Amino acid sequence: MSQTVTQTETAAAGVERMKPVVDQWLAADLEESKRIEELSSQKPFRHRDNIVWRNVALFAALHTIAAIGLYQLVAVAQWRTFAWCVMLWVIGGIGITAGPHRLWAHKSYKARTPLKTLLVTMNLVSFQNSIIEWVRDHHAHHKWSDTDADPHNIKRGFFFAHMGWLLSRKHPMVKQMGKKLDLSDLLADPILVFQDRFYLPLTVLACFMVPSFVPVYFWRESGWVAFCTAVAFRYTFTLHATWFINSAAHTFGYRPYDINIAPTESVVTTLTAFGEGGHNYHHTFPQDYRTSEMPGVFNLTKSFIDFFAKLGWAYDLRTVGPESVQRQMDRQYDQLVKQHSGKAAKQQQQMMAEANAGNGRQVA
Ligand code: ST9
Ligand code: ZN
Ligand code: ZN
């Protein structure tokens, strides 16, 4: 069963940022964000003074071994090991996108217990903190986007949003505001609580041990090659594919759905992150299970959810109606005309026309 959410709209507030008029799950909390910015300006926090050297050393070691793994993948490893790395990237990646992201953080569809169990298991392959922790940080990212309460605030720079935020203590505002988040549904889910409780041993098994063991046992790959390729390189690659959504997809690309926010439409990151790069769309319509509507770009996570919807394991898939999307895009154009001279507005109109045509919508 799928559900179309047509009432999702934002109202133009002059040339200021747009304000959601209908309550949407995980919509940006603009008033609170403004307050956070005011408070932050009074009490500066320097991430550079709060570096966690243990994490710097661990990530440096991981990247060094990953570089050896990349060389081995090209020059030494068996083709089966290469295929195994791709498989792990897909399993672990979907374990993030369809799991903590689209299901638990955004509630953009519902899943029955077998699918939840599958996703929790797949999620362990990519070692990105427990689902409860991941979702908590992601709630903060959407609600207070691009402020100090956003764990990977892009205003602190590309590197900070990419991986710097994992190398330093969190801004006090992240913890202070994060306490206000209602995580009761996650804490009431026994599968998530189990994963959180035994997270470290489970993820060491799924992300490190099984991936190194399989190539050695089944096709006699060398243990060192298996570790460097299927663990270090594949894990590092998956991390960067994810982190680029926070950095590149908050910097480069166009903004047809909301011109006032940092997130962009980023085709390259959508390919490496299984349909997650339509980030301007996603921050504008966070409850849509597709997370983007990029024409002609394969959204593997959407196909995965659709497949399980056919099996009956996923249901209540939420999308945003095309007329709501269209109205939102038209407002961007009007706003752009007010803000800029003809050329920029024309360029934006062209991009919107392309997006509309690709999605079979009437161009206004
Ligand atoms: C990783 C995660 O990589 C990546 C997430 C990316 C998200 C991307 C989203 C984009 C869209 C989706 C696209 C998916 C694409 C996938 C494609 C795949 C191909 N609220 O943490 P501590 C509290 S993980 C409320 O120690 P420090 C906390 O509860 C990589 N409270 O903070 C605790 O309280 P208490 C592997 C919060 O000391 C206290 O604060 N993992 C919040 O500042 C202290 O918590 C790592 O590398 C909050 N939001 O340290 C681990 N946050 O004391 C790295 C915290 O009461 N992490 N609190 O228990 C760390 O080492 C540390 O967390 C730290 C900060 C150093 C970063
Ligand atoms: Zn999201
Ligand atoms: Zn984002």
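Compute the Cα gyration tensor for segment 157-222, then decide on rounded, prolate or oblate, letting a ≥ b ≥ c be the square roots of its eigenvalues: rounded whenever a/c is under 1.5, prolate when a/b is larger than b/c in the other cases, and oblate in all that remain.
Judged from the Cα gyration tensor, segment 157-222 comes out oblate (a/c at least 1.5, b/c at or above a/b).
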What ranking do Lys34, Lys116 get, fewest neighbouring Cβ atoms within 10 angstrom at the top? Lys34, Lys116
Considering only DSSP beta bridges with both partners in the chain, what is the antiparallel share in %, to the nearest 5? 65
A correct Karplus calculation of ³J(HN,Hα) over segment 254-270, with 6.51 cos²θ - 1.76 cosθ + 1.60, θ = phi - 60°, whole Hz and x for Gly and Pro, returns 10, 10, x, 9, 8, 6, 8, 10, 6, x, 10, 8, 10, 5, 4, 5, 5
Apply the Karplus parameterisation 6.51 cos²θ - 1.76 cosθ + 1.60, with θ equal to phi minus 60°, to every residue of segment 86-99 and state each ³J(HN,Hα) to the nearest whole Hz, in sequence, with x for glycine and proline. 4, 4, 5, 4, 5, 4, x, x, 5, x, 9, 5, 7, x
At 0.890 mPa s and 25 °C, Stokes diffusion of segment 48-257 via Kirkwood alpha-carbon radius, µm² per second: 135
In Hz, Karplus ³J(HN,Hα) per residue of segment 275-284 (6.51, -1.76, 1.60; θ = phi - 60°; x = Gly, Pro): x, 9, x, x, 7, 5, 4, 4, 6, 7
Segment 148-277 -> Rg/Rh from Cα coords, Kirkwood Rh, value 1.05
Residues meeting the amide H criterion for Tyr254 (H placed from the backbone, H to H distance under 5 Å, 5 or more places apart or on another chain) are Glu265
Let me know the Rg and Dmax you get for the chain when you use only its Cα atoms, in Å. 21.0, 65
Over segment 48-257, what is the relative contact order in percent, taking alpha-carbon pairs closer than 8 angstrom and at least six residues apart? 32
Given the C-alpha centroids of segment 268-317 and segment 187-218, what is the distance between them in whole angstrom? 25
Angle between the chain longest axis and helix 234-246 axis [Cα atoms, degrees, rounded to 10]: 10
Could you work out how far apart the two model spin labels at Tyr217 and Arg54 are, taking each label as a point 7 Å from the Cα in the direction of the beta carbon, and quote it in nm? 3.1
Of the listed links Lys34/Lys116; Lys180/Lys310; Lys107/Lys179; Lys43/Lys155, those spanning more than 26 angstrom between alpha carbons are Lys34/Lys116; Lys180/Lys310
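Here, each number is a calculation from the coordinates, and none is a lab measurement. All values derive from a computational prediction rather than experimental measurement. With ideal geometry, Cβ positions are generated from the backbone for all residues, glycine too; neighbour counts draw on all protein chains shown.
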